[in-house]
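Notes follow once the structure below has been shown.
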Amino acid sequence: MIQLHSGSIMLQGGVPTPIPAAGSGRDKTMAYQILRRHHRGPWEGQLHLTFDSLISHDITYVGIIQTAKASGLRDFPVPYVLTNCHNSLCAVGGTINEDDHAFGLSAAVKYGGNYVPANQAVIHQYAREMMAGCGRMILGSDSHTRYGALGTMGVGEGGPEIVKQLLKNTYDIAAPQVVLVWLTGTPPHGVGPHDVAIALCGAVYGNGFAKNRILEFAGPGVAHLPMDYRIGIDVMTTETACLSSIWQTDDAVAEYLTIHGRPEAYTRLAPEEGACYDAMISIDLSRLEPMAALPFHPSEAVTLRELLHDPGDYLRQVEQRAAEQFGGKATLSLTDQLVDGKLVVQQGIIAGCAGGMYDNIAEAAAILSGGDVGCGPFSLSVYPPSIPVNLELMQNGVQQALLEAGVLFKPCFCGPCFGAGDVPANNALSVRHTTRNFPNREGSKPGDGQLSGVVLMDARSIAATARNHGVLTPATEVTLDAARKVDPHAQLGDLVNVEIKTQAFGRIAAQTARQVIIQGIREAEQGMIYDEFTSKEHEILTGIITRIDPRSGAVALRIGSGSESTEAYLSVNEQVRGETYQEGSRLRVYVVEVRRATKGPQVLISRTHPGLVKRLFELEVPEIYDGTVEVKSIAREAGSRTKMAVWSNDENVDPIGACVGPK
């Protein structure tokens, strides 16, 4: 479930809280901490940014370099990567592709850039593996320049902005607003990153909620997502029309960067206490379900459950949009794909910087295990994002399993995302885990009367559809016949477990498995701590002062013992005026509330709360402890005075005398 909150939000105690206005707390967001480090000049509401590195592909880098050269370029002032995953303008015939590639290589040698040969990696996967780092900023001449899940703010712009950076000028924009994307819960089995991304696009694109803003992802749900899952959501934030994105980082990010040989690129990022946001998007991952983005935009979101309940109405709406868009030059007849009440598609594609991730492909292989894509008109093609990922798929047997199921493996190439390869037949319907399904983006030519439709779906549901030989099927379901190939005793409504032969798992697969196991252990530990301290709300606990923040004056205490201990913070507002604290000393505190927060349970404590006085009197006065005397109300000015109203349930007991002694 996704909820939009248009008002200002502040993180208080690690929990989003509505406030009247964002104020200066915006500087405590991850986004503005990074922006300030990359800003040049006075801070006057206008940003003048320089980037740590630049990246372009072979559709754009020729014009960029030629323009910069004509303007006096002598060398690349920052690392500039030239990738070759788009094959310039999809040229057919002639030498233009290799001519441009030769130009790119010579420019990299002359000006000091990095050149990535064709079919080695798609542009954004190369950036993730070789360039991204926590706190960095990368400018790319491709709209899907998004590396927020790795702690890097990526911005996709046109070629002229790359030219400006090459000429040592700044990227100039008005200071953007920041939207907190607060993640909670764990995605259900069968729900993948594209399902989350499509639901997000559907919620915010049409109303402009994220337009030109920065999306900052945080919350306890982040830790439940493996890296490929986070990356898959993040790359699609481009389709929300946001400016950039950034995620809190953790051990999973550190391990990802270490696997790719760059452990030094890791720094823990998180919003500071008191961080303020201009709006918030709340996403409960546990309540999401398989999604589809209908032609002709990723924001045309509908659940697969709704689509399959009434496919005719949805397809007729798409046909109407096509008629309005192309004015009769080409017609789209998708209702022809309804066969015996079922929606049948002709093609599946898992590709590119969004779909081609290791986890997506491995999940597809697991779903297809014991099945096949059939020998009818349906076909499924997979494009891995880089040679390292492809090697991992080969070493772990994933590629072999897919090939045996009838899946076609293609090179590391962005082609299906923009119509270069795997163009569907006229009036055919293709389901794809790629970034976009704009009109004729799949390669058809409406001017020549050709048109086909692309529905964006997650790789998991595409694999389930492939196993069902092209009948549209969400990954949360499987046909009874297919289930009984795995478990002969399966019945409708049962859960069927599919064994995955691990063989000798490579580093990427091992990383994913390790993240899942560690996260399970961490959740269990946090659950124990939460249960332990929830039972102690409104009680007095004794903690040991571990440190005192010299800037804010907040006091950190270790409360509890053994594996069920946790750290709590006594803010200045909850301290008694005039009291002094020393590290290592013991301190009694009142537990106000226990909350679930990003880094585990958060215990809110106080020395000023009236409840502290009540509990102290219960400890010291037997008549209050046994209920003979009741505390009716307390008024307290902490450190100065306290007034307490008491009542005796026994006429022979003086309530005031019991508390302070005889009159």
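Note on Ala102 and Val78: the extension gain reaches 6.5 nm, defined as 0.36 nm multiplied by sequence separation minus the Cα-Cα distance. Per residue, the chain exposes an accessible area of 43 Å² to a 1.4 Å probe, with every protein chain left in place.
Let me check against my output: what whole-number percent is the relative contact order of segment 189-347, with C-alpha pairs under 8 Å and at least 6 apart? The partial results should precede the final answer.
Details: 178 pairs, mean separation 37.6, N = 159.
After rounding, I find 24 percent.
For segment 401-490, the list of GluC sites (Glu not before Pro) that fall in a loop by DSSP and count at most 16 other C-beta atoms within 10 angstrom reads Glu477.
Note the full-extension length gain between Lys342 and Arg36 as 0.36 nm times their separation in residues minus their Cα-Cα distance, in nm to one decimal. Mind showing how you got there, number by number?
On the way: separation 306, 0.36 × 306 = 110.16 nm, distance 5.40 nm.
The span from Lys342 to Arg36 would gain 104.8 nm if fully extended.
Cα-Cα pairs above 21 Å in segment 1-85: how many percent? In whole percent, the long-distance tail amounts to 57. Ordering Ser648, Ile55, Ile9 by Cα displacement along the dipole of the chain toward the positive end leaves Ile55 in first place; charges were set at the Cβ atoms of Lys, Arg (+1) and Asp, Glu (-1).
Per-residue surface analysis assigns Arg441 an accessible area of about 70 Å², computed on protein heavy atoms at 1.4 Å probe radius.
Only protein heavy atoms count here; under a 1.4 Å probe, Asp626 has an accessible surface of about 100 Å².
In this rough spin-label picture, where each label sits 7 Å from Cα along the Cβ direction, the Lys69-Glu272 distance is 4.6 nm.
Specify which residue in the list Ala354, Thr186, Ser379 is farthest towards the positive end of the charge dipole of the chain, using unit charges on the beta carbon of Lys, Arg (+1) and Asp, Glu (-1), about the Cα centre. After comparing all options, I get Ala354. Among rounded, prolate and oblate, which fits segment 526-625 when a ≥ b ≥ c are the square roots of the eigenvalues of its C-alpha gyration tensor, a/c under 1.5 means rounded, and a/b larger than b/c means prolate? Here segment 526-625 falls in the oblate category. Considering every alpha-carbon pair of segment 123-249, the percent of pairs per 10 Å bin, from zero through the bin containing the longest distance, is 13, 45, 33, 8, 1.
Does segment 365-447 come out rounded, prolate or oblate, given a ≥ b ≥ c as the square roots of the eigenvalues of its C-alpha gyration tensor, rounded meaning a/c under 1.5 and, failing that, prolate meaning a/b above b/c? In terms of gyration-tensor shape, oblate.
What helices in the chain pass both tests, a Cα length along the helix axis of 18 Å or more and a mean Kyte hydropathy of -0.5 or higher, using whole DSSP H runs?
96-111, 507-534
Heavy-atom surface analysis with a 1.4 Å probe gives segment 570-663 a carbon and sulfur content of 46 percent of its accessible area.
What is the distance in Å between the Cα centroid of segment 376-449 and that of segment 25-82? Distance between centres, Cα-based: 33 Å.
Classify the chain from the C-alpha gyration tensor, please: rounded if a/c falls under 1.5, else prolate or oblate depending on whether a/b exceeds b/c.
Working: a/c = 2.33, a/b = 1.66, b/c = 1.41.
In terms of gyration-tensor shape, prolate.
What FRET efficiency comes out for the pair Gln317/Asn212, r = Cβ-Cβ distance, R0 = 25 Å, nearest 0.05? So the FRET efficiency works out to roughly 0.30.
Pull up all non-local amide H partners of Ser379: gap of 5 or more, or a different chain, and H-to-H distance under 5 Å with H placed in the peptide plane. Under 5 Å from the amide H of Ser379 lie the amide H atoms of Gln347, Gly348, each far enough along the sequence or on another chain.
Just for the chain, what percent of DSSP beta bridges are antiparallel, to the closest 5? It would help to have the intermediate numbers written out before the result.
Numbers: 54 of 96 bridges.
Restricted to the chain, the bridges split so that about 55 percent are antiparallel.
Our estimate of slack between Thr17 and Tyr581, defined as 0.36 nm per intervening residue step minus the Cα-Cα distance, is 200.1 nm.
With contacts defined as alpha carbon pairs under 8 Å and 6 or more residues apart, what's the relative contact order of the chain in percent? It would help to have the intermediate numbers written out before the result.
Values: 1465 pairs, mean separation 80.0, N = 663.
Result for the chain is 12 percent.
Using R₀ = 60 Å, calculate the FRET efficiency as 1/(1 + (r/R₀)^6) where r is the Cβ-Cβ separation of Asp251 and Asn652; round to 0.05. After rounding, the FRET efficiency stands at 0.45. Between Val454 and Ser430, the built amide H atoms are under 5 Å apart, and every one of these is 5 or more places off in sequence or on another chain. Please express the Cα-Cα pair-distance distribution P(r) of segment 197-343 as a list of whole percents, one per 5 Å bin, running from 0 to the bin with the greatest distance. P(r) over segment 197-343, rounded to whole percents: 2, 8, 14, 16, 15, 14, 11, 8, 5, 5, 2, 0.
The values are calculated or read from the model by the stated rules, or taken from the named source; none is laboratory data. From a predicted model like this one, the values you see are computed outputs, not experimental measurements. Because the Cβ atoms are built from the backbone with ideal geometry, glycine has one as well, and the counts that use them run over all protein chains shown. To get the accessible areas, we keep the full protein, side chains included, count just its heavy atoms, and leave off ligands, DNA and RNA. Shrake-Rupley method; radii C 1.70, N 1.55, O 1.52, S 1.80 Å.
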